[in-house]
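Structure first, then comments.
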Amino acid sequence: MKKIFIIIIILLLPQILFAGRYASDFIIIGSGVRPLGMGGAFAAVADNGSAIYWNASGLAQIKEIEAEVMRAFLYGNLAAYDFFSFCIPLPANTTIGISFTQLSIDDIDLHEEKWLIGTNVDIRSSDVEQQLTGIPDGTFSSTDQLFEFAFAKKVSQILNLGWSLFDLPVDYYIGGTFKYIKRNLYKNMGTGMGFDLSFMIKTDFALLTDVDWLGAIKFAINLQDVAGTEITWDTKSKHSDEIITNPKLGLAIVQPLEFIKSEIILAYDWDNMYELTRNVGLEFTYNNQLSFRSGLYDKHFSAGMGIRYKRYNINYAFITNVDLGNSHRVGLTVNF
């Protein structure tokens, strides 16, 4: 496994260094409600439908059919961000899932000002009727969409660490995500396809540390857009934008608190899409019914909570952002 990781990183390094950076920012806003409530530190948690984005290998942790819907209000309610996922566990510790993500902005002012064609600066400055009015000629919408299909497989193994040590149970997860991107801006459309490759390892933290009361520890890596993803526009020049490969790393500790029927998850993520970003998250769950979350998402504070009733789980998250404005997310997850 270590050799495989090294080979993958070596093959991807040239693309990571030389590819473009800003081709599809709407995707990295992040899917789901619970992950953002935990500050985006979710790569090594990834145990619900939003794992399709954060780390598809984690889908193999899902034990029941699951559907999730989400809506987020961004940029002072100027934009809507929607997410839907549907995951189905299959035999042999395998899970498949589909998801749909959309960022939409309506009523954008359109200034065509075709009546100015044939004029120049001198004409417009001397003729009041030829000067810019600032009145829009109409409006248009911008829509970015992401369609994803993911699969995940779990493999369990007992590692024999030698006669003087102990047997260590280890769960390996591997997953992949095929994605189709569609962007509509005014009269033009850009499309592209890409692939994510992800891994996760889970083991008993108590055995590793010889501290009986400790829970599980999980390591994860998600190589988003493994070969780079090109978005080609239907303009005359057939202009292409490239989404660079983004290696996302994660660490999580899952600690049961049996004396109060609770569980705590501590999570840490690292990625380098534009610059080194560290995300930290915390989740406290009581009796598998009430959850409280908090985190730091790219230096911005986030918080959230979740309430479970039977097969229904309602989640809310609040994310602060000085530049873009604070945002709210609400979502519903149903298990079948």
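Nothing in this text is a laboratory measurement; each read-out follows from the coordinates by a stated rule. Note that the structure is predicted; figures quoted are calculated from it, not measured. Because the Cβ atoms are built from the backbone with ideal geometry, glycine has one as well, and the counts that use them run over all protein chains shown.
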- Computed P(r) (all Cα pairs; segment 225-336; 10 Å bins; percent): 12, 28, 31, 20, 7, 2, 0
- All other residues with a Cβ under 15 Å from the Cβ of residue 284 taken together, and with Lys, Arg as +1 and Asp, Glu as -1, what is their net charge? +1
- Task: Place +1 on the Cβ of every Lys and Arg and -1 on the Cβ of every Asp and Glu in the chain, take the dipole about the Cα centre, and give the residue among 95, 77, 38 whose Cα lies farthest towards its positive end.
- Result: 95
- Item | Relative contact order for segment 135-215, counting Cα pairs under 8 Å that sit 6 or more residues apart, in percent | 28
- Message: With just the Cα atoms defining each centre, how far is segment 31-81 from segment 288-311? Give it in Å.
- Response: 11
- Item | Sites residue 280 and residue 237, calculated FRET efficiency, Cβ-Cβ separation with R0 51 Å, nearest 0.05 | 0.75
- Message: If I histogram all Cα-Cα distances within the chain using bins 10 Å wide from 0, what percent of pairs lands in each bin?
- Response: 5, 22, 31, 21, 10, 5, 3, 1, 0, 0
- Stretched fully, the stretch from residue 77 through residue 128 gains (0.36 nm per residue minus C-alpha distance, one decimal, in nm) 14.7 nm
- Item | Net charge of Cβ neighbours under 15 Å - reference residue 80; Lys, Arg +1; Asp, Glu -1 | -2
- Note on the structure: For 286-295, 39-48, 252-261, ranked highest to lowest by mean beta-carbon neighbours within 10 Å, the order is 39-48, 286-295, 252-261
- Could you tell me which of 259, 214, 312 has its Cα farthest along the dipole of segment 189-316 towards the positive end, charges placed at Cβ (Lys, Arg +1; Asp, Glu -1), taken about the Cα centre? 312
- Query: Where does each of 187-195, 203-211, 67-75 land if you order them by average Cβ count within 10 Å, highest first?
  - Reply: 67-75, 187-195, 203-211
- Grab the other residues whose beta carbon is less than 14 angstrom from that of residue 193, score K and R as +1, D and E as -1, and report the net. -3
- Item | Relative contact order [Cα under 8 Å, 6+ residues apart], the chain, whole percent | 21
- Message: Using only the alpha-carbon atoms, how far is helix 2-18 inclined from the longest principal axis of the chain? Give it as 0 to 90 degrees, nearest 10.
- Response: 10
- Could you pull out every residue, at least 5 positions away or on a different chain, whose amide H is within less than 5 Å of the one on residue 248? Hs are placed 1.01 Å off N in the peptide plane, and Pro or chain starts have none. 222, 223, 224
- Length released on extending from residue 111 to residue 206, taking residue separation times 0.36 nm less the Cα-Cα span: 27.8 nm
- Hey, can you grab everything whose amide H is under 5 Å from the amide H of residue 301? Only 5+ residues off in sequence or another chain; H modelled, so Pro and N-termini drop out. 320
- Item | Cβ charges +1 (Lys, Arg) and -1 (Asp, Glu), total dipole of segment 29-150, debye | 660
- Highest-fluctuation residue, 120, 315, 272 considered, GNM on the chain with Cα pairs under 10 Å: 120
- Message: For a quick check: sort 83, 199, 100 by the number of other beta carbons within 10 angstrom, fewest at the front.
- Response: 100, 199, 83
